[in-house]
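The block underneath contains the structure these notes are about, expressed in structure tokens.
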Amino acid sequence: MNANNPLSSLRGQLPVIAVFAALLLVPPLFFDPSTTYLSRRFITVMIFAIFAMALNIIFGETDQLILYMGGIAALGTYTTVLTAQYFEISPWLTLFVGAFVSGVFGALVCYVAARRQFTVIVLAIVTFAFQMIIMEVIVGLRDITGGTTGIPFRDLDLPAVESALGIGAFALQFYVLVGIFAAVFALYMWLTNSKYGLAFAAIRQDEFAARATGIDAIRLKVFAGFLSTFIIGFVGPFYAQTTGIVIPGLFSFNGVDVLVLIILVLGGLRSRFGPLVGAAIVIYLDNLLSQFGQWRTVTFGLLLTILFIYFQDGILPMAQSMYEERGIRDRLAGLRSGE
Amino acid sequence: MLAQGLELLIDGLARGVILSLFGLGITLVFGLGEILNLLLGVFAVVAVIACSLLLGAVPGLAIAGLLAVAFVALFALVLDRTVISLVYREEGEDRILLGIFVTLGLSLFFEGLLFIYYPGSVFLDVGVPSMTVAGASLTGSSIAVIAAAAVLFGLIYYFFNYTYLGIGTRTVIQDETGAVLCGIPPRRVQAIVFVLSAAIAGVAGVFYALEAEVTPASSFTLTSFAIMVSIVGGVDSISGTVAAGIVLGIIMTVAGSLFGSYLATVTLFAAAIAVLIYKPEQIS
């Protein structure tokens, strides 16, 4: 134990503090009560950043590729909204029911996958099939779900808190999402720095060797699967809240999964801030391209192709390693000129 | 009752052979080079649009269809020589993952372009009148599709069993290294089969357009159907895929008429999930 420890650990935390401080400053700086457009975009960035963090836990840490994030978000949202309507209680309570149902469903799928030793591709195809089934069932059961006309939904607000703090509904929603982001962020940091992180790395590198050392790979995969799908199911209703209506189109494969994949790969797998940076870039691009109609799809398709062929390690980690290489080079130059 | 059953059977069979062809498009490329080709639906939609454009210039649906399929084959050849080659450089699981994402990206890219330039829906009319057999009114398009598909299956069977290239292809599916040792260049076979699968998807797309309207959005649906059929059929088994397509087509049609159309689609995906849970090692 030396005296430098707290200080150096504070230095290590500095980027975290800076990022969260910047996030807290977003509403006073950018949220304009007269136009909700920009506020909505910022809220979407947070939602997709959380989605990407959830995918990072299950795919980045345990190599389980799931392609039903839209479906899971829909499961969480419809459960939340329908139970709130049925029991006539606040969706703030049923939010946890929705998330729990999503988490249990996700855990079940991961359990079967781990038990039957699915490869990453098999799990991807199975979850994709579930995505399609969930979408079909939502449209098909229109008596319950409202089909493609949807269910109006704006109840995830807290008017009492808004008036007490003197901030707008969008600012409050943004802060709630920053809170969820912070919780998921803390969870992820704890996971990677605990025995779980080590076990995840072991499973990723060699599952059989990991099992030989006594790691319960099935339990860990199910655990990661539960966490991710719980988070996605929890954030789903907030995603619906931004549009004010729960419709199946909101949770389509192209609308959620493709974007989250691009975000995660752009930000870099297993990177702390990758999801946030990726989400900011992708939602900004989405916003920029939305006025050009289908050119948006064209651009994202191209982006996905190029990213996977040339930048599989992500933009953020690549920039970081370039920066570090340059730092070392500068230091070497300094050493040479100094001595 | 019996007449209605016959009608369902013929419609189901027509749907089934179309699904079989789509499934084959996936099976051939995945079995051969482990690329799950998510572009397959795009090939089908491009063929349908090309066919509808050509109909104004050439006499007859058959000629327009053949020209459209030739165009799709050329399109696939260009893609194979450029982007898909980059995917084949990788090996094992990396290639599978890269293949999924690259073809997914490309399918979005082309789907977007199709939406921009050809946003409408296309329906091709074969001009075969409905027939009445034993009191059942059979759709003309279904009978035309079944007849044309029967010829096509015969050609495919001949190709894989009696031509040097077809036997070579099966050799590469069984064992890539072994094929190299026998003097069969896998990459060239992979390119030929990629083009062949695109052509099959093109034909299937034209058949599909005889039965239902096709829009750029159809490409995603058709690709997902194709993958599911291929999985139920065993992914690297050609005869398995054909059988799976026909069985699923009939089941989907019957389930659709009994319980509503959305359950037909659910049946297909649920069947694929069940097969994967039962035999996950078929894709490795």
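Is there a residue being more than 16 Å from residue B:28 (Cβ to Cβ), free of Cβ contacts under 8 Å to residues at least 40 places away in the same chain, surrounded by 18 or more Cβ atoms within 10 Å (Cβ to Cβ) and within 10 Å of another protein chain (Cβ to nearest Cβ) anywhere in region B:269-280?
Yes: region B:269-280 contains one or more residues that are more than 16 Å from residue B:28 (Cβ to Cβ), free of Cβ contacts under 8 Å to residues at least 40 places away in the same chain, surrounded by 18 or more Cβ atoms within 10 Å (Cβ to Cβ) and within 10 Å of another protein chain (Cβ to nearest Cβ).
The rows are residues; the columns are (1) among the small types (Gly, Ala, Ser); (2) more than 14 Å from chain B (Cβ to nearest Cβ); (3) touching a strand residue (DSSP E or B) at 6+ places or on another chain (Cβ under 6 Å).
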site: A:48; (1), (2), (3): no, yes, no
site: A:52; (1), (2), (3): yes, yes, no
site: A:61; (1), (2), (3): no, yes, no
site: A:64; (1), (2), (3): no, no, no
site: A:79; (1), (2), (3): no, yes, no
site: A:82; (1), (2), (3): no, yes, no
site: A:88; (1), (2), (3): no, yes, no
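Is it fair to say residue B:238 is more than 9 Å from chain A (Cβ to nearest Cβ), under 16 Å from the mean Cα position of the chain (by Cα) and either without any contact (Cβ under 8 Å) to a residue 12 or more places away in the chain or on the phi < 0 side of the Ramachandran plot (or both)? Steps first, answer last, please.
Working: more than 9 Å from chain A (Cβ to nearest Cβ): yes; under 16 Å from the mean Cα position of the chain (by Cα): yes; either without any contact (Cβ under 8 Å) to a residue 12 or more places away in the chain or on the phi < 0 side of the Ramachandran plot (or both): yes.
Against the criterion (more than 9 Å from chain A (Cβ to nearest Cβ), under 16 Å from the mean Cα position of the chain (by Cα) and either without any contact (Cβ under 8 Å) to a residue 12 or more places away in the chain or on the phi < 0 side of the Ramachandran plot (or both)), residue B:238 qualifies.
For region B:120-141, check the following and say yes or no: at least one residue is surrounded by 15 or more Cβ atoms within 10 Å (Cβ to Cβ) and in a helix (DSSP H, G or I).
For region B:120-141, residues surrounded by 15 or more Cβ atoms within 10 Å (Cβ to Cβ) and in a helix (DSSP H, G or I): present.
Mind checking which helices (runs of 4 or more DSSP H) fall wholly inside region B:146-232 and carry at least 2 residues that are in contact with a Leu (Cβ under 7 Å, 6 or more places away or on another chain)? Outline the logic, then answer.
Values: elements: B:164-174, B:176-181, B:186-211, B:218-232.
So the answer is B:164-174, B:186-211, B:218-232.
For region A:144-170, give me each residue that is part of a helix (DSSP H, G or I) and either crowded, with 21+ Cβ neighbours inside 10 Å or within 14 Å of chain B (Cβ to nearest Cβ) (or both).
A:144, A:145, A:170, listed by residue number.
Residue by residue through region B:200-224, note down the ones that are of a type outside the set (Ser, Thr, Tyr) and over 9 Å from the mean Cα position of the chain (by Cα).
B:206, B:207, B:209, B:210, B:211, B:212, B:213, B:214, B:216, B:217, B:220
Please find, within region A:103-126, the residue that is nearest to residue A:236 (Cα to Cα) out of those that are within 11 Å of chain B (Cβ to nearest Cβ) and among the β-branched types (Val, Ile, Thr).
A:109
For residues that are among the β-branched types (Val, Ile, Thr) and without any contact (Cβ under 8 Å) to a residue 12 or more places away in the chain, scanning just region B:72-127, find the one that is farthest from the other protein chains (Cβ to nearest Cβ).
B:78
What residue, of B:249, B:202, B:168, B:154, is among the small types (Gly, Ala, Ser) and surrounded by fewer than 19 Cβ atoms within 10 Å (Cβ to Cβ)?
Numbers: B:249 fails: surrounded by fewer than 19 Cβ atoms within 10 Å (Cβ to Cβ); B:202 fails: surrounded by fewer than 19 Cβ atoms within 10 Å (Cβ to Cβ); B:168 fails: surrounded by fewer than 19 Cβ atoms within 10 Å (Cβ to Cβ).
Selected residue: B:154, the only one of B:249, B:202, B:168, B:154 that is among the small types (Gly, Ala, Ser) and surrounded by fewer than 19 Cβ atoms within 10 Å (Cβ to Cβ).
Can you pull out every residue in region B:268-284 that is out of contact with any helix residue (DSSP H, G or I) (no Cβ under 7 Å at 6 or more places or on another chain) and in a helix (DSSP H, G or I)?
Hits for region B:268-284 are B:274, B:278, B:281, B:282.
Restricting to region B:257-267, name every residue that is part of a helix (DSSP H, G or I) and either modelled with pLDDT under 90 or more than 9 Å from chain A (Cβ to nearest Cβ) (or both).
If the condition is that a residue be part of a helix (DSSP H, G or I) and either modelled with pLDDT under 90 or more than 9 Å from chain A (Cβ to nearest Cβ) (or both), then B:257, B:258, B:259, B:261, B:262, B:263, B:264, B:265, B:267 are the ones that fit.
I'm checking my understanding of the structure. Among residues of region A:279-303 that are more than 10 Å from every other protein chain (Cβ to nearest Cβ) and of a type in the set (Ser, Thr, Tyr), which one is nearest to residue B:215 (Cα to Cα)?
Among those residues, the one meeting the criterion is A:290.
Please verify whether residue A:141 is surrounded by fewer than 16 Cβ atoms within 10 Å (Cβ to Cβ) and within 12 Å of chain B (Cβ to nearest Cβ), treating the condition exactly as stated.
yes
The values are calculated or read from the model by the stated rules, or taken from the named source; none is laboratory data. Everything quoted here is computed from the prediction, not taken from an experiment. A quick note on method: Cβ atoms are made from the backbone with ideal geometry, for glycine too, and the neighbour counts reach across all protein chains shown.
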